[in-house]
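The values are calculated or read from the model by the stated rules, or taken from the named source; none is laboratory data. Keep in mind that this is a model prediction, so the values were computed, not measured. No Cβ is skipped: glycine too gets one built from the backbone with ideal geometry, and neighbour counts run over all protein chains shown. SASA here: full protein model, heavy atoms, side chains in, ligands and nucleic acids out. Shrake-Rupley method; radii C 1.70, N 1.55, O 1.52, S 1.80 Å.
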Amino acid sequence: MVTATDDVSPTVADVRAVLEDVRDPEIPILTIDDLGILRDVIRENGEFVIVITPTYSGCPAMNTIEQDIRTALTAAGIAHARIETRLAPAWTTDWLSAAGRRRLLEVGIAPPAEGSANKRLLGATPVIACPQCASENTERSSEFGSTACKALYR
């Protein structure tokens, strides 16, 4: 990792590497990269622009995520950065990484159905397999779980 004390300026790849360790405050087994919240890192006019998208527009964790991003960048000696939150396109569970989906399963959380082809049409509940036994004989019991972006299934 290149820091401000080195003779070489940090690159976009360096900044992305730092941000790949920033954890989601609600599900800390996942990083913001695993969740697809980290959308882009751009170098623009001598500063880095970190583009993030919340899992939903009212996500209360976004302030914490922004603070954690700033803390990680500061610790790496990266001072010139701006965080830009974009609501469009809206976040989708399709942005979850394969590693993130695997981590969810490892701790007993069923990852959302992948891709619109695997979801039922016209607002019906997607088929979500049980993370314990892999049965698809499940049903949604609540649209919202511990946070508004988590549905509950049984």
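Restricting segment 49-80 to residues that are loosely packed, with under 13 Cβ neighbours inside 10 Å and in contact with a helix residue (DSSP H, G or I) (Cβ under 9 Å, 6 or more places away or on another chain) leaves a set whose member that is farthest from L96 (Cα to Cα) is A79. Is one or more of the residues making up segment 35-48 touching an Asp or Glu at 6+ places or on another chain (Cβ under 7 Å), under 19 Å from A99 (Cα atoms) and open to solvent by 10 Å² or more (accessible area, probe 1.4 Å)? Yes, because at least one residue in segment 35-48 is touching an Asp or Glu at 6+ places or on another chain (Cβ under 7 Å), under 19 Å from A99 (Cα atoms) and open to solvent by 10 Å² or more (accessible area, probe 1.4 Å). Restricted to segment 98-117, and to residues that are surrounded by 14 or more Cβ atoms within 10 Å (Cβ to Cβ) and assigned to a loop (DSSP other than H, G, I, E, B), which residue is modelled with the lowest pLDDT? Across segment 98-117, the extreme among qualifying residues is E114. Is it fair to say G77 is among the small types (G, A, S), at positive phi and touching a residue at least 40 places away in the same chain (Cβ under 8 Å)? Here the answer is yes, as G77 does meet what is asked.
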